[in-house]
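Here is the structure we will look at, set down as structure tokens.
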Amino acid sequence: MYRLDLGVVFLVAFGLGPWRTLRTDFGALLWTAVVLMGAHYFSEWRYWYPGPAIAAFIEPWAGRLRAFMQNRIDQAATGVLHGFLYGVLLGDRSELTPFFQEGFRTFGISHMLAVSGFHVGFWVVLGRPLKWLFRLRRWRGLYVLLMGTFLCIYAAVVGSGPSVVRAVGTFCFAAIALQQNWRIAPLHWPLLVAWLMWCYDPEVVQRVGFQLSFSAVCGILIGLNGLPAAEFLQSWQGESLVGSKFKVLVPVQVSLSAWTATLPLVMHHFGGASRYFLVGNLLIVPLFVVYIWSALLVLLFGPLLPCWALDVWNSSFERWVSWVLKTAEEINRQGLLESFFQACLR
């Protein structure tokens with residue numbers, strides 16, 4: 001049994017040097033040597049970090065935000081939609097049946113139920129008006145501070161899992177770099193967050209969520225290397241797309257990159273991976289995204305919406321999920337998509 005993941009050596013040695021020069025590489029290697037020599041004593045003195053003080057500030061606000069969101073969801077959503085929104089917005093999957101979750105696994109879209117950068121992006125885009133209010137250059141840092149504080153509180157609401165902590169930390173660093181016009185490759189921010197998470201809790205690297213989250217994001221950033229979308233998927237700010245079009249094939253690249261990077265871990269921990277992940281991510285996820293966006297609007301304006309609109313919203317989601325789950329069941333039983341693809345090839 002090893003206590004120190006050797007991946008940390010590479011994160012420290014090569015992940016934190018934004019420019020490849022002899023000076024930065026030598027400094028990174030020296031830093032690595034110091035960390036490794038002090039690793040035996042690290043677990044004894046690391047607890048002086050102000051974790052309790054931060055939690056004492058965040059937890060009350062997280063409780064208020066969670067109570068507000070629960071109240072609005074309880075008022076507007078029923079049945080399957082109620083459980084789905086609890087899962088994707090609050091990180092509470094207790095209402096989702098095994099049949100529901102198995103259907104998501106069949107199409108390779110279980111990541112929708114694990115709060116991560118995919119969900120953090122919704123809140124950042126929803127908070128765009130704040131950026132307009134603080135559009136003056138000297139106030140840009142205030143926008144990042146306010147949005148970062150809200151996202152930290154939201155991370156506490158959903159349980160502060162590795163995926164959401166990685167997404168929030170990456171957003172804060174990437175947004176600051178973008179506002180200050182720092183030319184730092186996007187891949188460095190998740191690597192920096194990974195190293196900080198290890199400093200705070202060395203055992204986090206042994207968690208499956210940590211391994212899957214960082215493998216996926218590193219795979220995506222490598223797959224999108226050189227494209228503006230790589231920056232956009234971290235900072236979620238339109239400035240990162242200036243001067244280039246958001247190409248149609250980016251969703252395909254994202255799905256393929258994440259699937260390829262996480263495949264060894266998924267095969268090891270779960271004994272198999274979905275063969276229909278492209279179908280799920282390109283054809284099924286977009287409609288679920290529409291429902292998540294509509295849910296955010298309901299959270300804000302729910303009491304103003306007529307009852308008939310909420311009834312249509314709930315019933316349409318019920319029908320859509322029913323179709324998805326029945327299709328997944330047929331695929332698992334008869335392999336319908338495989339038969340279809342073989343017929344096309346013949």
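The values are calculated or read from the model by the stated rules, or taken from the named source; none is laboratory data. Keep in mind that what you see is a predicted model, and the values were worked out from it rather than measured. Quick reminder, even Gly has a Cβ in these numbers, built from the backbone with ideal geometry, and neighbours come from all protein chains shown.
Per-residue answers, yes or no, for (1) over 24 Å from residue 277 (Cα atoms); (2) in contact with a His (Cβ under 8 Å, 6 or more places away or on another chain); (3) of a type in the set (Lys, Arg):
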{"residue": "73", "(1), (2), (3)": "yes, yes, no"}
{"residue": "77", "(1), (2), (3)": "yes, no, no"}
{"residue": "83", "(1), (2), (3)": "no, no, no"}
{"residue": "106", "(1), (2), (3)": "no, no, no"}
{"residue": "112", "(1), (2), (3)": "no, no, no"}
{"residue": "115", "(1), (2), (3)": "no, no, no"}
{"residue": "119", "(1), (2), (3)": "no, no, no"}
{"residue": "124", "(1), (2), (3)": "yes, no, no"}
- Query: Counting only residues that are small (Gly, Ala, Ser) and part of a helix (DSSP H, G or I), which one in the stretch 96-146 is nearest to residue 281 (Cα to Cα)?
  - Reply: 110
- Out of the residues in the stretch 199-219 that are over 15 Å from residue 114 (Cβ atoms) and touching a residue at least 12 places away in the same chain (Cβ under 8 Å), which is surrounded by the fewest Cβ atoms within 10 Å (Cβ to Cβ)? 206
- Item | Qualifying residues in the stretch 73-88 (those that are closer than 16 Å to residue 288 by Cβ and surrounded by fewer than 17 Cβ atoms within 10 Å (Cβ to Cβ)) - the one modelled with the highest pLDDT | 82
- Flagged in the stretch 266-288 as among the aliphatic types (A, V, I, L, M) and exposed (fewer than 15 other Cβ atoms within 10 Å of the Cβ), in numbering order, are 267, 282, 283, 287
- Message: I'd like to know if the stretch 89-102 contains one or more residues that are crowded, with 21+ Cβ neighbours inside 10 Å and among the β-branched types (Val, Ile, Thr).
- Response: no
- Query: Given the conditions (1) surrounded by 23 or more Cβ atoms within 10 Å (Cβ to Cβ); (2) outside any helix (DSSP H, G or I), and given that residue 181 satisfies all but one, which numbered condition is not satisfied?
  - Reply: (1)
- Among helices (runs of 4 or more DSSP H) completely within the stretch 248-344, the ones holding 1 or more residues that are at pLDDT below 85 and of a type outside the set (A, V, I, L, M, F, W, C) are 250-270, 307-334
- Message: of a type in the set (Ser, Thr, Tyr), within 17 Å of residue 298 (Cβ to Cβ), surrounded by 17 or more Cβ atoms within 10 Å (Cβ to Cβ) and free of Cβ contacts under 8 Å to residues at least 60 places away in the same chain: is that true of residue 143 in this structure?
- Response: no
- Subset of the stretch 147-171, residues among the β-branched types (Val, Ile, Thr), surrounded by 18 or more Cβ atoms within 10 Å (Cβ to Cβ) and in a helix (DSSP H, G or I), comes to 153, 157, 164, 165, 168, 170
- Query: Which of the residues belonging to the stretch 114-143 are more than 22 Å from the chain's Cα centre (by Cα) and at pLDDT 80 or above?
  - Reply: 142
